[in-house]
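First comes the structure, then the notes that go with it.
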Amino acid sequence: MAENDSSFVILIDTNAMSALSIYVESCSAVNTELGAGIEDLKEKFKKKIEREEVKFEEYLELSGRCGAKAGFDLFWYLKNKNTELSNNVKIYFSFFSQVELFGVFLDRVFDHKLTRQGVPYRIRKKKPFRVQIGFNYQEEVVDFWEEIKDKLMEQGIKFEVPEYESHSEFLKDAMQVLKIVSKYLALETMDLYLYATGISLRVDEIYTHDDDFRKIINNIREDPNWKNIFNSIQKDLIEKNRSFYMEFESKGKITLPKGVPHEPH
Amino acid sequence: MSLSFLTEKYKLSRNPFPPAASGIEAEKIYIPQRWQRRFEKYYRLLSTGSGAKGFPIVGEYGSGKTALLKGYLKGFFEEKRIKTIYFKNPGVQFYDLANDLMGSLGRNEFSKALWERCKEFLRSDELYLFPRSFSDFLNDLKKRSKEEEKRKVEDLSNVVIKNLKLTSDPEIAYRIASMIAETATKPYFSYRDFVAGAKGAVVAEKKEPEYFQAIIRGIIEAYDVEGVAFLIDEFEEIAFPKRMTRKQTYDYLATLRSLIDLSQAENLWIVIAMTPEAAEETRRMNPGLWQRFVHRDHLMRRDRETEFKLEPLDIEESKHLIIWWLDRAREENKNKLFPFPKDIDKILENRPDIRLPRPLVKLCFFALAKAENEQIEAPIPIDFIEKVVNEFYPRSKVGSENGRK
């Protein structure tokens, strides 16, 4: 089959998903449909603050590099991809990214509670109270995530967890790729896992707000100075995995994932 | 007791045509001699050559591929003392196939059969009054110390190498011996039995094909057959390339390649039923691999190619098929089209799309059932049959059985 005929596959990094969750939460907070622009959201928040329906500290970060604006961009990126490719898009979000994301949600819960109690940011960021604050994990983290997924699903954006696919075959493949990549690239642990996951799943794109990570991903693909690393990874993949061997035999090279979005936020 | 309308008027003990909507589940089906000769030719060509022992069966949905695999090729191979294993839409990964294979054999049954072959070569420390069974062997193992158990497994693995000659690799032999010995504690197969690298996996990393090769030899030994035939009923997703990811695409090709390689080295036959779209996609994805599968050489010698396309039967073959099924439900008046009309040709001539085994059998079932229900006198009039044909197979419906196209 021509490569262009296959499903288009995207892997979402934790930071990008966190931004998307902020955007979804922002829309919910002001009762607006997903897809609304950031200026529109700001305006609605302003009115809510004036009417004292929300306090200023509950005003979600709307324009930061990993805030609602970035989430808005990702939302429309996925929406447009679905339209452009007649919904022939598969979106993966790793189980381990989900664990990381739950950590982010917990931070938000604690931050929110401590802010209400008047604890200054200087103290809050040291996270000294985490074990002393009561919280409802199911409601504030798990259900919250489920609600976000449901809302995105209504918009045709559905995430799949690679670790749940095909028994544990995925993990076996990903670990094999991880061992190969780690021989040639000194990535952060989570980045290494995600990159190996992306290669193993043959994703077309890894969507991340981590500029360094994205740069490395793209350098390996495109930069002639990194050619030797690409070649080494390709050689090992072909040698150790029959599926990659078939890709090389059919296409003459292994296609590694591309890092997106193009412009840093 | 009064006779039923079917028996009295149509001289049939029952409606002999299977109505199945998804594949005829008959043990044996009619296929024309022309097809039988082709399969015989493929068998002759491939069993003596050095290439892959396999071929695709290419046909639209509803054309009767499943029936051909189960109702004809199963018997075809078994007559030649080749054990058949039928796979229904296996996953695209090699593991999926291995898992289905072992699942269909059953761990206890397969281990027992292998042990039966090994036991005559096993040295015994003790004398037994009665011959020992597999369960005696397993119970005995439970009572042994770890050291003794290990020694027993080593004995078994020596037999696997020296006597059964399943492999020359001591590691693979040891793993097969362990598979037999551990049946007492785990009487089923799990994915770890095939997947390399995972903790506790039986198969060593990078040794999956060799292990699988030894398993194929094991099946041949254990069941005392000449070979093994995999009858694979579509890798379902291949017909829907847009739904597949790149990973699935290359996993599928890797699996196909492993099977073709294995079939070249062992007496393993691979028959894959696929739609024309799936065949075309496979050819496009990897022309070289497809050429190996259909035995197309650089000289393009058509007579040596082994792509079996399910094309419509001719008129006589179609009539033979109807008669063959009718004869299943009558003792007398055999070899006649009755209660169908003699001039059924008039319909068959204009409708090649229904002249495939499955649509034809389905139509005959419904025509007969409807005629019986409406108490139509035999022979059933041609315009009645035509009405049924147009009802069940309007021309636009062709090729979209089960809503799939």
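The values are calculated or read from the model by the stated rules, or taken from the named source; none is laboratory data. The structure displayed is predicted, hence computed values, not measured ones. Every residue, glycine among them, receives a Cβ derived from its backbone with ideal geometry; neighbour counts consider all protein chains shown.
Observations
- 1 or more residues out of contact with any strand residue (DSSP E or B) (no Cβ under 9 Å at 6 or more places or on another chain), without any contact (Cβ under 8 Å) to a residue 24 or more places away in the chain and within 13 Å of chain B (Cβ to nearest Cβ): qualifying helices (runs of 4 or more DSSP H) within the stretch A:196-265: A:227-240, A:242-251
- Test: residue in the stretch B:26-47 that is surrounded by 15 or more Cβ atoms within 10 Å (Cβ to Cβ), more than 30 Å from B:R243 (Cα to Cα) and of a type in the set (S, T, N, Q): no
- Residue that is loosely packed, with under 14 Cβ neighbours inside 10 Å and under 20 Å from A:V9 (Cα atoms), where the choices are A:Y195, A:Y164, A:Y207: A:Y164
- Hits in the stretch A:249-265 - residues which are in contact with a Leu (Cβ under 8 Å, 6 or more places away or on another chain) and modelled with pLDDT of 95 or more: A:I254, A:P257
- Filtering the stretch B:283-299 to residues that are over 12 Å from B:V58 (Cα atoms) and either not in a loop (DSSP other than H, G, I, E, B) or not assigned by the TED database to the domain that holds B:E60 (or both) leaves B:R283, B:R284, B:M285, B:P287, B:G288, B:L289, B:W290, B:Q291, B:R292, B:F293.
- Residue match in the stretch B:316-325 (condition: touching a helix residue (DSSP H, G or I) at 6+ places or on another chain (Cβ under 6 Å), assigned by the TED database to the domain that holds B:A254 and either closer than 30 Å to A:E247 by Cβ or part of a helix (DSSP H, G or I) (or both)): no
- Residues considered: A:Q138, A:Q176, A:Q155, A:Q132. Of these, the only one that is polar (S, T, N, Q), under 24 Å from A:S243 (Cα atoms) and either in contact (Cβ under 8 Å) with a residue 12 or more places away in the chain or more than 14 Å from every other protein chain (Cβ to nearest Cβ) (or both) is A:Q176.
- Any chance B:N350 is surrounded by fewer than 19 Cβ atoms within 10 Å (Cβ to Cβ), touching a residue at least 60 places away in the same chain (Cβ under 8 Å) and either among the aliphatic types (A, V, I, L, M) or over 24 Å from B:I85 (Cα atoms) (or both): no
- Residue, surrounded by the most Cβ atoms within 10 Å (Cβ to Cβ), within the stretch A:210-260, restricted to residues that are among the acidic types (D, E) and farther than 18 Å from A:S7 by Cβ: A:D210
- Residue check for B:A369: over 30 Å from the mean Cα position of the chain (by Cα) and not basic (K, R): yes
- Unique residue being surrounded by 15 or more Cβ atoms within 10 Å (Cβ to Cβ) and modelled with pLDDT of 95 or more when the list is A:I22, A:I12: A:I12
- Count of the stretch B:334-361 residues which are under 12 Å from B:I323 (Cβ atoms) and of a type in the set (K, R): 3
- Residue list for the stretch B:263-308, restricted to those being surrounded by fewer than 22 Cβ atoms within 10 Å (Cβ to Cβ), of a type in the set (A, V, I, L, M, F, W, C) and more than 12 Å from every other protein chain (Cβ to nearest Cβ): B:A265, B:I270, B:V294, B:L299, B:M300, B:F308
- Pairs meeting the criteria (first residue in the stretch A:25-39 and farther than 17 Å from A:C66 by Cα, second residue β-branched (V, I, T), beta carbons under 8 Å, at least 6 apart or on different chains) are A:A29/A:V54; A:L34/A:V24.
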